[in-house]
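Dropping the structure in here first, questions after.
The values are calculated or read from the model by the stated rules, or taken from the named source; none is laboratory data. In this text, all values refer to a predicted model and were calculated from it rather than measured experimentally. Cβ placement follows ideal geometry from the backbone for every residue including glycine, while neighbour counts extend to all protein chains displayed. Keep in mind that these areas ignore ligands, DNA and RNA; they rest on the heavy atoms of the full protein, side chains included. Shrake-Rupley method; radii C 1.70, N 1.55, O 1.52, S 1.80 Å.
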Amino acid sequence: AQSVTQLDSHVSVSEGTPVLLRCNYSSSYSPSLFWYVQHPNKGLQLLLKYTSAATLVKGINGFEAEFKKSETSFHLTKPSAHMSDAAEYFCVVSDWLYAGGTSYGKLTFGQGTILTVHP
Amino acid sequence: EAQVTQNPRYLITVTGKKLTVTCSQNMNHEYMSWYRQDPGLGLRQIYYSMNVEVTDKGDVPEGYKVSRKEKRNFPLILESPSPNQTSLYFCASSLGGQDTQYFGPGTRLTVL
């Protein structure tokens, strides 16, 4: 069964310093991996997506993530944090399941990492 | 504008009073799903639908029902709500199960 572990429930950084949000996953097949962001009282927005093409994926707002199969990791990074990056971030794995002759994707969310950015 | 809409956005109800949360998407997506979000638990899938009249249980389906009679709509039904169903609910849609999910704005439900 697939699973996602976000290694930090809270991360606090100063504005202008690097951001690292860690995610490990387990999957039976070749998964798709996503990072979503949720700003306070808002819905979820896609940051970036990995689907077995380039292992380094660039997303919106200067974020990127690197897929490392040997480490089963998909950590999210940004070189320089901005106050507007303060939000909750979710790592998501999507894997194929097969049932009744039909294949379908199933998403599993991590528990979330709350990013705080200090002035 | 491509979007997923949910109604109502906020709902306070009492135990046992049936309610429906509507979800509609205008992107002609085949895949739709419902999630609940609880602090420290991330989002957990309640039900999903791969197409019209095709639905299946997610990770936490107990106490919920869904239907998919039309491609664009995927209502979530709580026949007899209980306080442990107090949560933030999100509807999402995508082209397929592994594609980017588009989320609605959320429905905050309180069951007293």
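I'm trying to understand the selection: among the residues of segment B:28-44, which are touching a residue at least 12 places away in the same chain (Cβ under 8 Å), hydrophobic (A, V, I, L, M, F, W, C) and within 8 Å of chain A (Cβ to nearest Cβ)?
Passing the criteria: only B:43.
Which one of the conditions (1) free of Cβ contacts under 8 Å to residues at least 12 places away in the same chain; (2) under 26 Å from residue B:92 (Cβ atoms); (3) open to solvent by 70 Å² or more (accessible area, probe 1.4 Å) does residue A:52 fail to meet, given that it meets all the rest?
Among (1) free of Cβ contacts under 8 Å to residues at least 12 places away in the same chain; (2) under 26 Å from residue B:92 (Cβ atoms); (3) open to solvent by 70 Å² or more (accessible area, probe 1.4 Å), residue A:52 violates only (1).
Please identify the pairs in which a residue from segment A:1-27 that is under 13 Å from residue A:77 (Cα atoms) has its Cβ atom under 8 Å from the Cβ atom of a residue that is among the basic types (Lys, Arg), counting only partners at least 6 apart or on another chain.
Qualifying pairs under 8 Å: A:18/A:78; A:19/A:78.
Okay, moving on. Within segment B:69-112, work out how many residues are part of a loop (DSSP other than H, G, I, E, B) and away from chain A (no Cβ under 14 Å).
Residues flagged as part of a loop (DSSP other than H, G, I, E, B) and away from chain A (no Cβ under 14 Å) within segment B:69-112 amount to 12.
Is it true that residue B:50 is surrounded by 13 or more Cβ atoms within 10 Å (Cβ to Cβ), without any contact (Cβ under 8 Å) to a residue 60 or more places away in the chain and within 14 Å of another protein chain (Cβ to nearest Cβ)?
yes
Are any of the residues in segment B:55-71 modelled with pLDDT under 95 and loosely packed, with under 14 Cβ neighbours inside 10 Å?
yes
Being among the β-branched types (Val, Ile, Thr), over 27 Å from residue A:6 (Cα atoms) and surrounded by 15 or more Cβ atoms within 10 Å (Cβ to Cβ) is true for just one of B:15, B:86, B:107, B:22. Which residue is that?
When all the criteria are applied, what remains is B:22.
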